Amino acid sequence: SFMYVTAVSLYSLEGVGLVLPLESSCIDRNGFPKLLTKCLIGITTLMCVFGISGYVAFGSHTMAPITLNLNGGWSAFVKVALCVALYLTYPVMMFPVNEVLEEMFLTKQQQPSLSSDVTAISTLKGDDSNSNGHSSSTNLEIHQQHQQEPARIFRTIVVLTSVTVAYTIPDFGKFLGLVGSSIC
């Protein structure tokens with residue numbers, strides 16, 4: 001139905017949660033809105049072209065997802081490529097989610113932060129070695145590993161939770177439509 005297509009289309013622009021972290025990390029913040037507009041127009045155009053091409057190629061019997069319509073040797077390659085792309089973009093999509101959840105559930109000491117690394121560097125700056133023979137750089141690495149351990153455990157729990165939710169929902173396509181239409 002039209003509402004389902006609209007919902008899934010909105011969900012396909014889910015990366016909107018990355019806009020603020022990307023803008024805050026830009027060197028030229030004044031040029032960011034122009035770049036964002038160009039990217040959104042480009043992505044929307046590509047999605048429209050691929051969607052129309054799929055419908056033209058397979059007609060009204062097009063199955064969702066579109067990869068179910070593919071046959072032959074290239075279909076396996078396309079499916080594997082999509083899985084790899086999903087696997088590689090998942091951490092990027094989880095970045096703003098993790099920032100928000102870590103701020104809600106972890107204490108300031110458990111959250112990885114640049115300021116604590118700078119403090120550790122300034123504390124260890126004058127020492128080339130300590131009583132047990134470790135160099136300052138080794139101490140800094142150990143400090144950073146211990147600093148990030150609670151965040152890593154928390155992020156692992158978030159990933160396992162999202163995998164469990166995706167695996168246990170029987171018709172995940174309809175759930176995506178619901179998420180896309182209500183959140184985006």
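Within segment 90-114, can you find the residues that are among the polar types (S, T, N, Q), in contact with a helix residue (DSSP H, G or I) (Cβ under 6 Å, 6 or more places away or on another chain) and modelled with pLDDT under 80?
GLN110, GLN111
Can you work out which of the residues in segment 1-43 that are of a type in the set (Asp, Glu) and either in contact with a strand residue (DSSP E or B) (Cβ under 6 Å, 6 or more places away or on another chain) or surrounded by 13 or more Cβ atoms within 10 Å (Cβ to Cβ) (or both) is modelled with the highest pLDDT?
My answer is GLU23.
Which one of VAL49, VAL80 is over 30 Å from PHE154 (Cα atoms) and either open to solvent by 80 Å² or more (accessible area, probe 1.4 Å) or modelled with pLDDT of 85 or more (or both)?
Values: VAL80 fails: over 30 Å from PHE154 (Cα atoms).
Sole residue among the options that is over 30 Å from PHE154 (Cα atoms) and either open to solvent by 80 Å² or more (accessible area, probe 1.4 Å) or modelled with pLDDT of 85 or more (or both): VAL49.
Please specify each residue of segment 61-77 satisfying the condition of being of a type in the set (S, T, N, Q), assigned to a helix (DSSP H, G or I) and modelled with pLDDT of 80 or more.
Scanning segment 61-77 gives a single hit, SER75.
Could you list, in sequence order, the residues of segment 62-89 that are free of Cβ contacts under 8 Å to residues at least 60 places away in the same chain and touching a helix residue (DSSP H, G or I) at 6+ places or on another chain (Cβ under 8 Å)?
If the condition is that a residue be free of Cβ contacts under 8 Å to residues at least 60 places away in the same chain and touching a helix residue (DSSP H, G or I) at 6+ places or on another chain (Cβ under 8 Å), then THR62, MET63, ILE66, THR67, ASN69, LEU70, SER75, VAL78, LYS79, LEU82 are the ones that fit.
So which residues in segment 91-110 are open to solvent by 70 Å² or more (accessible area, probe 1.4 Å) and within 14 Å of the chain's Cα centre (by Cα)?
Once the filter is applied, which keeps residues that are open to solvent by 70 Å² or more (accessible area, probe 1.4 Å) and within 14 Å of the chain's Cα centre (by Cα), segment 91-110 yields PRO91, VAL92, PHE95, GLU99, VAL100.
The values are calculated or read from the model by the stated rules, or taken from the named source; none is laboratory data. The structure displayed is predicted, hence computed values, not measured ones. So basically every Cβ, Gly included, is an ideal-geometry build from the backbone, and we count neighbours across all protein chains shown. Each accessible area value is taken on the protein alone, full model and side chains, heavy atoms only, with ligands, DNA and RNA left out. Shrake-Rupley method; radii C 1.70, N 1.55, O 1.52, S 1.80 Å.
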